[in-house]
Amino acid sequence: MQVTSAIFRLAVAFWVGGAALFTFVLTPILFKTQPRDLAAKIVGVLFPGYFWWGLVTGTVALVCLLILRGKLFLPTLVLLILMLGLTSYQAFFIEPQAAVLKQQIGSFETTSKEDPLRREFSKLHGISMSCNLSVLVSGIVIIILPGRFWYTG
């Protein structure tokens, strides 16, 4: 059970660490150092891998949790399901819609912020950011919960 517990914690840590690196380091650096359209294109290319990383590490964590059970099983299960649900929503609903809008907009540098397509993109971006921050906070909560409660063995 200790191996399963370690895999569980690593999976959650890899998920949260990857999300934090992408959100707070990589994306801001790209948008600060590159023209907006190029930065958006690069981030758009990275998004599928980013979301799959979360889905795979989240699934590994979920399988481990189902094996471990323990005192904090139910709240952890709820948080993991929330995280996987939000990541799935981003990957399979928000991101594909945003990608279509980006193609229709063409250039964020020359298209007015008042353009209806830009406004729709901004709305999707805001929803995606909220989902991403919820995943990060939920993952942090899981990481900081006391390890001795994760398994009963």
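Only the coordinates and a few stated rules stand behind these numbers; no lab work does. Given the structure is predicted, the values throughout are model-derived calculations rather than measurements. Heads up, the Cβs are rebuilt from the backbone with ideal geometry, glycines too, and the neighbour counts pull from every protein chain shown.
The residues of the range 3-19 that are free of Cβ contacts under 8 Å to residues at least 60 places away in the same chain and either more than 19 Å from LEU133 (Cα to Cα) or touching a Pro at 6+ places or on another chain (Cβ under 7 Å) (or both), listed by number, are VAL3, ALA6, ILE7, LEU10. Listed conditions (1) under 11 Å from the mean Cα position of the chain (by Cα); (2) in contact (Cβ under 8 Å) with a residue 40 or more places away in the chain are all met by GLY49, apart from (2). When ALA40 is tested against (1) buried (at least 16 other Cβ atoms within 10 Å of the Cβ); (2) touching a helix residue (DSSP H, G or I) at 6+ places or on another chain (Cβ under 6 Å); (3) farther than 28 Å from VAL3 by Cβ; (4) touching a residue at least 24 places away in the same chain (Cβ under 8 Å), just one condition goes unmet, and that condition is (2).
Considering the range 95-146, and only residues there that are touching a residue at least 24 places away in the same chain (Cβ under 8 Å) and among the polar types (S, T, N, Q), the residue that is surrounded by the fewest Cβ atoms within 10 Å (Cβ to Cβ) turns out to be SER107. Identify all residues within the range 20-37 that are in contact (Cβ under 8 Å) with a residue 24 or more places away in the chain and farther than 17 Å from SER107 by Cβ; write none if there are none. Scanning the range 20-37 gives ALA20, PHE22, THR23. No other residue among LEU84, LEU46, LEU62 is surrounded by 13 or more Cβ atoms within 10 Å (Cβ to Cβ), in contact with a Gly (Cβ under 9 Å, 6 or more places away or on another chain) and in a helix (DSSP H, G or I) apart from LEU84.
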